[in-house]
Amino acid sequence: MQKLAKIQATLKAPKGQTNSFGNYKYRSCEDILTAVKPLLDGCVLTISDEIVAIADRIYVKATARIFDETQWVETTAFAREASDKKGMDAAQITGSASSYARKYALNGLFCIDDTKDADAIEPEVKSASKQIIQAAVSMLDAAASARNDTKTLESWTDMADELKKLVWPELHDMTKTKIKELKGAK
């Protein structure tokens, strides 16, 4: 589909939002839609949601579809509903998962990359990231001595959730895996 290729090549959807808690820039679903609408050139863009249950969890499956006169292309993305989110009622939790899934469906459709090339990261950020990772690894090593203390391990689980907000998801996953290993070694 040539029109989609043209949109992908010209679309600029800057990260115009700022998360004040985590102090980082991001783009919302609305930011992407605002940037893409002037480029549609007769194409029709739709986004739909479907609630799906996988195992014992509820997910929002978002589908972004673009049509021209003869064909269509679609992508999907999933976002898991949190079982509980402070300050949100059930409808807001579903709405938040919907926005997240829709944004990533649009990212896939329009080839928007949310990652930065590792070589493009400033040296200060690389240094700070290394320090955070080293501190987390040191804390995990210290947690190894608490293998028989369930309360301490639960506090380490809470710490892993906080780390997720501060550093890369890979570090969060590594931390959770290490904690599971420690709990299993009791």
**Q.** Per-residue Cβ neighbour rank within 10 angstrom, fewest leading, Arg65, Arg57
**A.** Arg57, Arg65
Q. Say the cut-off is 20 Å between C-alpha atoms; which of Lys12/Lys37; Lys6/Lys61; Lys25/Lys103; Lys25/Lys180 go over it?
A. Lys6/Lys61; Lys25/Lys180
**Q.** Inter-label distance for Lys180 and Asp56, nm, one decimal - labels placed 7 Å from Cα along Cα-to-Cβ
**A.** 1.5
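Here, each number is a calculation from the coordinates, and none is a lab measurement. Given the structure is predicted, the values throughout are model-derived calculations rather than measurements. No Cβ is skipped: glycine too gets one built from the backbone with ideal geometry, and neighbour counts run over all protein chains shown.
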